[in-house]
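Below is one structure, written out as structure tokens, with a few remarks after it.
The values are calculated or read from the model by the stated rules, or taken from the named source; none is laboratory data. Worth saying up front: this structure is predicted, and the values here are computed from it rather than measured. Note that we place each Cβ from the backbone using ideal geometry, even for glycine, and neighbour counts take in every protein chain shown. These area figures cover heavy atoms from the full protein model, side chains too; ligands, DNA and RNA do not enter into them. Shrake-Rupley method; radii C 1.70, N 1.55, O 1.52, S 1.80 Å.
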Amino acid sequence: MKNVMGIILSGGKSTKLKELSTMRSTPAVPVGGKYRAVDFVLSNMVNSGITNIGVITQYSFRSLMDHLGSGKEWDLDRKNDGLFIFPPFLSDESSGWYRGTADAMYNNLTFLRRSNEEYVVISQGNCVYTTAFDEMLRAHKETDADITIMYREMNDVPIDELTNMGILQVDSSQRVIDFQEKPVNPNTLLASLGTYMIKRELLIALLEESVAHGYYDFVMDIIIKMLHKLKIYGYKYNGYWRSISSVQMYYKCNMELLNPEINRELLGTAKVFTKVKDEAPAKYNEEAEVRNSIIADGCIIEGTVENSVLFRGVTVKKGAVVKDSIIMQGSVIEENSTLNYAILDKNVTLSKNRCLKGEETWPIIIGKNVIV
């Protein structure tokens, strides 16, 4: 797919992730022990042979830029093409904040104009899934579509989460005949994955026309308003997919990674690249008990860990019990403490003899650098 370039959108400010997105953008949220959400879509592009990729950032982008760096881990630190990160900037015409997804791409139109690829894959950076875009490109060419939208049947997603998605209807030829953005009452279970295939020249023209008329959102002002003017088709994706859009979905995604079948589909079929850090292997003392958990490098386990995801450098001391929880880098669970249905951000300390317990449907969250 040398004729395709990629654009990853980091999205607007998210309040549904609560403390998890206070200091970081949604694509930078840690997932699965050692990854960030953005690793999955970026790896999908790289594994599809796409080598010219732009990441458009907005809110709290420092941690995302630190994670991506020069793109070395994705083999994107190269003389020609590579990884380009576009943070917001102030100018005489711009306040620095993008007014929508179309405005974000329009403000970085130079990147599109200077590129030579015929097609563009546009994708959200907060989705966890594994795919190659070759089949989507083939379907895009076969239908002679102006825009192709990747969608999925969401029969395994809570109905209230569908109200945060774009819901579409397709006819027998896969042409999109209706598209609702974040409807209160979704009329189908077919949801857009926020991934689009479009010709580069057409995208430039649509962005220029949209912004010239004061319209700034790619979905609302281009896809929906031009649904019957443009040839917009759907491409059905049947694999595992989760959007890191709320605390519940974040927790659900990490817990599902403990399922061997899902873990194998996500991490066993294609390489998911991430920033490499040198850590010693996890250490398990004699009294340690670990069941059905992901334990990253650098962890020291002296207590009990069950059905949990532990990121790098987590310490679980003697007598401590961790169940159904997510613990991020550098956190410490002191002696005889208990943790159930909890999400601890980086460098949290749970003091001796403390107990934190949430609910499966509403896990408790502790922000960075907190001592409980």
Working carefully through the options 214, 268, 239, 234, find the one that is at positive phi and either open to solvent by less than 40 Å² (accessible area, probe 1.4 Å) or under 21 Å from the mean Cα position of the chain (by Cα) (or both).
-> 214
Could you list, in sequence order, the residues of the range 294-307 that are buried (at least 19 other Cβ atoms within 10 Å of the Cβ), outside any strand (DSSP E or B) and either touching a residue at least 24 places away in the same chain (Cβ under 8 Å) or of a type in the set (Val, Ile, Thr) (or both)?
-> 296, 303
Looking at 280, 270, which one is without any contact (Cβ under 8 Å) to a residue 24 or more places away in the chain and in a loop (DSSP other than H, G, I, E, B)?
-> 280
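Condition check ((1) touching a residue at least 24 places away in the same chain (Cβ under 8 Å); (2) closer than 22 Å to residue 260 by Cα) across all residues:
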residue	(1), (2)
311	yes, yes
315	no, no
319	no, no
322	no, yes
327	no, yes
337	no, no
345	yes, no
348	yes, no
362	yes, no
Breaking point among (1) surrounded by fewer than 22 Cβ atoms within 10 Å (Cβ to Cβ); (2) touching a residue at least 40 places away in the same chain (Cβ under 8 Å); (3) in contact with a strand residue (DSSP E or B) (Cβ under 6 Å, 6 or more places away or on another chain); (4) closer than 27 Å to residue 162 by Cα, for residue 197 | (1)
Taking the range 191-211, which residues are of a type in the set (Val, Ile, Thr) and either over 10 Å from residue 151 (Cα atoms) or in a helix (DSSP H, G or I) (or both)?
-> 198, 204, 211
Answer yes or no: is there a residue in the range 65-83 that is open to solvent by less than 20 Å² (accessible area, probe 1.4 Å), part of a helix (DSSP H, G or I) and charged (D, E, K, R).
-> no
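Residues checked against (1) among the aromatic types (Phe, Trp, Tyr); (2) buried (at least 18 other Cβ atoms within 10 Å of the Cβ); (3) under 19 Å from the mean Cα position of the chain (by Cα):
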| residue | (1), (2), (3) |
| --- | --- |
| 140 | no, yes, no |
| 145 | no, yes, no |
| 148 | no, yes, no |
| 159 | no, no, no |
| 164 | no, no, yes |
| 175 | no, no, no |
| 178 | no, no, no |
